[in-house]
Amino acid sequence: MGLRTVEVNPMGFELQESDRTLASLELLYNVSRELASQLDLDALLARILRLTIETIGAESGSILVLDDHGKVADGALNTDGEHHDHSGPRLADTFEKGLAGWVVRNREPALVMNTLEDERWLKREHKVSEEKRKSAISVPILERERVIGVLTLSHTDESQFTEDDLDLLQAIADQAGLAIVNAQHFRAEQGRRQFASTLQEIAKSINSSLDTTQVFPLILEQLSRVIEYDNARIFVYEDNQLRLVAANGFDEDEVTEGIIIPDDEESLMGQVLYRKRPLVIDDVQEISGWVMSENLKRADEVRAWIGAPMLSRDEAVGLLTVSCSNPFAYGFLEVQVVDAFANQAATAVANAQLYSESQRQMSAMVALAETARVVSASLELDDVFSRILSQTLKTLDVEAASLAVIDESTGELEFKSAKGEMADELLGIRLERGEGIAGWVVENDEPIIVPDVQNDPRFLPDVDRKLGFETHAIACVPIRVHDEVIGVLEALNPKRDEFEPALLEILMGIAGMAGTAIQHARLFSETQAARKRYTGLFEDSIDPILITDLEGCLTDANVSAYVFLGYEAPALKGLSIFDIYQPSSNDNIPEITDLEPGDAHAYDASLTHESGTQLPVQIHVKRMDVEDQPVLQWIVRDISERIALDQLRADLTSMIFHDLRSPLGNIISSLEVMKDSIEDDEELLGPVISVAQRSSRRLSRLIDSLLDIGLLEEGKAVLFKTSVALLPLVQEAVKEVQPITEAKEHTLTIDDESETPKLEIDVDMIRRVVINLVENAVKYTPSGGTISINLEKIGDKVRFGVNDTGAGIDHEDQSRIFDKFARIERTGRSKGLGLGLAFCRLAVEAHGGEIWVESKPGKGSTFFFTLPV
């Protein structure tokens, strides 16, 4: 406060000024004390106006409070002793164009002696003739160098106010600034508490109810406690349009709910939805295209407007708007509040949607569980079809249902079962893949709902005419088994208006269970058929068959087993397999407990007849599952005839060896003596003796091979190994068969470029191997053919190869030509006993080598064997 300077004389005037100064100081003290105790902003503003009007001697006054952005946030007006709260909007033009605005912008007080002559005073055009001379003073309200408001007083007499009045008013304003800030903080804190309390109440309401028709009105009602508005609305966004679901601030006769507003990205609401952030407009009437719907009530009264998106999982599910008839009524704080309430509304929408979805899923689960229970109650295929369709009719509430299955032989879709009016007539109808709606579903492996089949080109009206049935709508889904479509399930004509999309999921679920049930029914049918076939084969088999558990306890046997073993059924069952059988050898016979599913083994054994006689048999044991129980199947084959034949063959071999070898040795010796005795010029006798010698030596090799084969098979052969070079041995063997090659005009070559090393071998045995292989090549190569012998060192082995240009050997015969007594039938070809190659295999393997053949029909053959170095 400023104090004017005065003259010391005259004495009386000086005392008068001092008294006035003391009075002003006392006044300021009282103002400060009174204002400091007031925390209600509205009451504070009223108190400031009353005190300043009384103190300064004004007739009327106004006070404006500014927000952080310098806009009018609140205000009060006192005219002729009558106080008016919340007068900020009424004084907005005074602030923008009048004296109060000038004071704020210039941050200095103003003294106006005559308002008609001062340009800073706002003169209203429509009341210019009524304007009277006034005086006015106006000062800024400061708080730490920040203008937070303006205080203005006026009087109907001009020159009413002085500089002293201006200084005093500024001093009061300075005191009022701190009180206003404190009151604002108190109001803000009260507002935050009320806002938090309101949100808490809304949250409780949302959590206590899933009905948005109850929650939304409550949200708008609670919003009115923290923000002043004329009306507020909540819109839900669905099917690309906004639907009004709740409103507040309208008369009872004004129906607002249900109004549809088209989706328009350029509109104010569209901007809020698509940008997903709140929007505040100071005056929507200045924006073209504000009214988006003729049904939007009181749209022409709206000035200030806030729109906030209702976001759920970052997706806009709706919109909350508030509006006011006063422009510039809303600021940043109000936007935050509306946005918070919009989030609460979004939560209500999300909860309602989740509840609706959970209810739908629960209904679907109940329906599917019931379907699973009903369908799984039977394994008869026709009964399964009937149960599936009955559940489809019940669950989807449709007029008819049908099921078609793909015929694997033709690929056509055949209707196997139906329920409803056209059931009997539909059975047996066939469709090609891709034909009709059902065929389209099979072809594309996609579910489909056709709400109006008459306008769908895939629909086949001829089928309806044939059945005498009128189809309106179809829901059709594929039936799958292991991701393969095996048929379709159709639901026709919902008894309600249309198929809901959610019903397609239920139908898919039924179809999924249908696929499983159909598969189980088919497997059951196949299992029954297989069981009948197995039972027939089991009982009718001429081979005895025994069934045991994995421990060897006999549980079943066929008729042949009872006859073969001489047991009655009660006596045989319950015995252990080990009580009646003994393996011939323990070599390579697995423990039955080690057998895995599918494992099979064969070996010779003997079974004990009920009389005690031992029966020679070959056992084929296999682990398998019968009705999900692991068992062992023992197939028994009588080998008594084979053993007798083997004994006969052994006796014959022994006879050949013992009875023929001695006289054959005498023949060979005699032929050598004869050859040495004849003259060299005996042209006729010499060749004959040579032929006889070769034949007798060949017969001797054959007898030796017979003996060696038996010894080698039993592992009793004794090898007389010496270190020899293989090439001379091969040359010696070739010399033995050279007369035959010359007779057939064969070209025979030996290749040993690699200079093979010496080997530790039984010379006689390997010589016979080479002779057998070369003789074989000569025998099966046509006259004029080529035979080549190759020796090659490969790693730690020497490989011997005989290549011919004969007819070759079929692939299926190549694996068995080294078996004993195995012969390949060739029309017009030489035949043998099948012992030569069997001897070669046993002899080479006895030396730790391998033997094999590579051949193609018509391309000749190459026999290889290897010997270790």
Point to revise | Contacts under 6 angstrom Cβ, first residue in region 224-250 being closer than 23 Å to ALA73 by Cα, partner open to solvent by 40 Å² or more (accessible area, probe 1.4 Å) and assigned to a strand (DSSP E or B), 6 or more apart | key: ALA232/ASN248
Check your understanding: Within region 467-487, can one find any residue that is over 33 Å from the mean Cα position of the chain (by Cα), small (Gly, Ala, Ser) and assigned to a helix (DSSP H, G or I)?
Key -> no
Review point. Which members of region 594-639 meet the condition of being of a type in the set (Lys, Arg) and either in contact with a Phe, Trp or Tyr (Cβ under 7 Å, 6 or more places away or on another chain) or closer than 30 Å to SER525 by Cβ (or both)?
Key: LYS622, ARG623
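Considering only region 202-239, state which residues are at pLDDT below 60, open to solvent by 70 Å² or more (accessible area, probe 1.4 Å) and not aliphatic (A, V, I, L, M). Outline the logic, then answer.
Taking region 202-239 and keeping what is at pLDDT below 60, we get 202-210.
In the following step, the residues that additionally are open to solvent by 70 Å² or more (accessible area, probe 1.4 Å) were identified as 204, 207-208, 210.
Across region 202-239, the qualifying residues are LYS204, ASN207, SER208.
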Practice item. Kindly provide the set of residues from region 75-122 that are assigned to a strand (DSSP E or B), free of Cβ contacts under 8 Å to residues at least 24 places away in the same chain and of a type in the set (Asp, Glu), ordered by number. Key: GLU82
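Quick check on ASP68: is it assigned to a loop (DSSP other than H, G, I, E, B) and among the acidic types (Asp, Glu)?
Values: assigned to a loop (DSSP other than H, G, I, E, B): yes; among the acidic types (Asp, Glu): yes.
Criteria met by ASP68.
For region 467-479, how many residues meet the condition of being touching a residue at least 24 places away in the same chain (Cβ under 8 Å) and buried (at least 18 other Cβ atoms within 10 Å of the Cβ)? Even if it seems obvious, please write down each step before you answer.
Applying the first criterion (touching a residue at least 24 places away in the same chain (Cβ under 8 Å)) to region 467-479 yields 467-469, 473-479.
When the remaining residues are screened for being buried (at least 18 other Cβ atoms within 10 Å of the Cβ), the result is 467, 469, 473-479.
Here the count works out to 9.
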Practice item. Determine whether region 541-548 contains at least one residue that is of a type in the set (Asp, Glu) and open to solvent by 50 Å² or more (accessible area, probe 1.4 Å). Key: no
Check your understanding: Quick check: anything in region 373-386 buried (at least 17 other Cβ atoms within 10 Å of the Cβ), part of a helix (DSSP H, G or I) and at pLDDT below 65?
Key -> yes
Review point. Quick one: in region 277-328, which of the residues that are at pLDDT 85 or above, part of a loop (DSSP other than H, G, I, E, B) and open to solvent by less than 60 Å² (accessible area, probe 1.4 Å) is nearest to ARG233 (Cα to Cα)?
Key: VAL302
Point to revise | Among (1) under 22 Å from ILE510 (Cα atoms); (2) hydroxyl-bearing (Ser, Thr, Tyr); (3) surrounded by fewer than 20 Cβ atoms within 10 Å (Cβ to Cβ) - the single one THR410 does not satisfy | key: (1)
Check your understanding: Among the residues of region 560-573, is there at least one that is within 54 Å of the chain's Cα centre (by Cα), loosely packed, with under 11 Cβ neighbours inside 10 Å, at pLDDT below 85 and assigned to a helix (DSSP H, G or I)?
Key -> no
Review point. Which is modelled with pLDDT of 85 or more, touching a Pro at 6+ places or on another chain (Cβ under 9 Å) and open to solvent by less than 40 Å² (accessible area, probe 1.4 Å), of ALA346, ALA401, ALA418, ALA342?
Key: ALA342
Check your understanding: Which numbered condition trips up LEU726, out of (1) within 27 Å of SER690 (Cβ to Cβ); (2) open to solvent by 50 Å² or more (accessible area, probe 1.4 Å); (3) out of contact with any helix residue (DSSP H, G or I) (no Cβ under 6 Å at 6 or more places or on another chain); (4) among the hydrophobic types (A, V, I, L, M, F, W, C)?
Key -> (2)
Review point. List, please: which pairs have Cβ atoms under 7 Å, are six or more places apart or on different chains, and start with a residue in region 842-859 that is on the phi > 0 side of the Ramachandran plot and end with one that is at pLDDT below 90 and open to solvent by less than 20 Å² (accessible area, probe 1.4 Å)?
Key: GLY858/GLY808
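Out of GLU446, GLU435, report the one residue that is surrounded by 15 or more Cβ atoms within 10 Å (Cβ to Cβ) and either over 25 Å from ARG522 (Cα atoms) or out of contact with any helix residue (DSSP H, G or I) (no Cβ under 6 Å at 6 or more places or on another chain) (or both). Reasoning before the result, please.
Numbers: GLU446 fails: surrounded by 15 or more Cβ atoms within 10 Å (Cβ to Cβ).
Within the list GLU446, GLU435, the selection yields GLU435.
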Check your understanding: What do you reckon, is ASP497 at pLDDT below 80 and either among the hydroxyl-bearing types (Ser, Thr, Tyr) or open to solvent by 70 Å² or more (accessible area, probe 1.4 Å) (or both)?
Key -> yes
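The values are calculated or read from the model by the stated rules, or taken from the named source; none is laboratory data. For clarity, every value in this text was computed on a predicted model and none was experimentally measured. Quick reminder, even Gly has a Cβ in these numbers, built from the backbone with ideal geometry, and neighbours come from all protein chains shown. Accessible surface is based on the protein model in full, side chains and every heavy atom, while ligands, DNA and RNA are left aside. Shrake-Rupley method; radii C 1.70, N 1.55, O 1.52, S 1.80 Å.
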